[in-house]
Ligand SMILES: Cc1cc2nc3c(=O)[nH]c(=O)nc-3n(C[C@H](O)[C@H](O)[C@H](O)COP(=O)(O)O)c2cc1C
């Protein structure tokens with residue numbers, strides 16, 4: 001087996017496929033924004049903290065700085081085409097959920113809405129923002145977690161049923177639709 005050097009800027013392309021999320025935020029005027037992100041990870045279990053890395057020019061980031069709240073929605077294969085629409089560049093104040101034909105649902109503890117067609121919804125308050133290279137690292141505390149019925153099987157995501165979307169890069173995704181187990 002031969003190994004070759006790859007351009008360093010491609011490092012995240014081999015850290016793939018990455019869980020894909022749809023982040024909903026609101027600005028001070030109450031306008032809703034939604035965008036897909038794949039630079040994301042859990043960073044603490046207790047308290048429950050999740051990190052998202054956003055380019056500073058994104059409306060999402062502007063809203064996060066302005067109102068300090070987000071909902072992390074977990075999409076499935078079923079809404080891939082709609083998710084792609086939310087990732088297009090729209091003028092500030094345009095609600096990408098309306099453009100994509102996705103449905104808003106009232107959150108319980110924060111202002112930005114849940115996306116009904118998603119598997120799970122994490123309502124978050126922003127706790128920390130850190131400049132991180134060409135992205136801003138935003139850490140949110142999960143205040144409420146709502147999931148579709150039957151989301152978990154044996155305490156783990158039922159991937160066969162939920163078919164979560166993983167981002168490979170560009171327009172390419174992977175569907176996480178089967179589980180394998182380590183053999184003893
Ligand atoms: C699958 C996917 C994953 C993305 N992941 C990120 C990400 O992790 N961070 C980021 O800043 N932009 C990411 N983007 C780009 C933004 O979603 C895109 O630029 C969007 O238009 C930003 O919207 P906004 O300005 O309304 O926030 C991703 C796009 C796609 C399609």
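Bear in mind that the values in this text are calculations on the coordinates, not laboratory data. Not measured: the values here are computed from a predicted model. Cβ atoms come from the backbone with ideal geometry, glycine included; neighbour counts cover every protein chain shown.
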Can you name the number of the only condition in (1) in contact with a strand residue (DSSP E or B) (Cβ under 8 Å, 6 or more places away or on another chain); (2) more than 20 Å from residue 136 (Cα to Cα) that residue 78 fails?
(1)
Count, please, the residues in the stretch 138-160 that happen to be closer than 24 Å to residue 113 by Cβ and in contact with a strand residue (DSSP E or B) (Cβ under 8 Å, 6 or more places away or on another chain).
13
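For the stretch 158-184, give me the residue count where each residue is touching a residue at least 12 places away in the same chain (Cβ under 8 Å), surrounded by 12 or more Cβ atoms within 10 Å (Cβ to Cβ) and either in a strand (DSSP E or B) or within 19 Å of the chain's Cα centre (by Cα) (or both). Reasoning before the result, please.
Residues of the stretch 158-184 that are touching a residue at least 12 places away in the same chain (Cβ under 8 Å), as a first pass: 159-160, 162-169, 171, 173-179.
Next cut, surrounded by 12 or more Cβ atoms within 10 Å (Cβ to Cβ) only: 159, 162-169, 173-177, 179.
After this cut, where a residue has to be either in a strand (DSSP E or B) or within 19 Å of the chain's Cα centre (by Cα) (or both) as well, the list is 159, 162-169, 173-177.
Adding up the residues that qualify gives 14.
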Please work out which residue is surrounded by the fewest Cβ atoms within 10 Å (Cβ to Cβ), limiting yourself to the stretch 39-79 and to residues that are free of Cβ contacts under 8 Å to residues at least 24 places away in the same chain, within 13 Å of the ligand (Cβ to nearest atom) and assigned to a loop (DSSP other than H, G, I, E, B).
57
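Hey, can you tell me all the residues within the stretch 134-157 that are outside any strand (DSSP E or B) and without any contact (Cβ under 8 Å) to a residue 60 or more places away in the chain?
Of everything in the stretch 134-157, those that are outside any strand (DSSP E or B) and without any contact (Cβ under 8 Å) to a residue 60 or more places away in the chain turn out to be 148, 149, 150, 151, 154, 155.
Any idea which of 88, 131 is part of a strand (DSSP E or B) and within 17 Å of residue 60 (Cα to Cα)? If you could, list the steps in order and put the result at the bottom.
Values: 88 fails: part of a strand (DSSP E or B).
After applying the criteria, what remains is 131.
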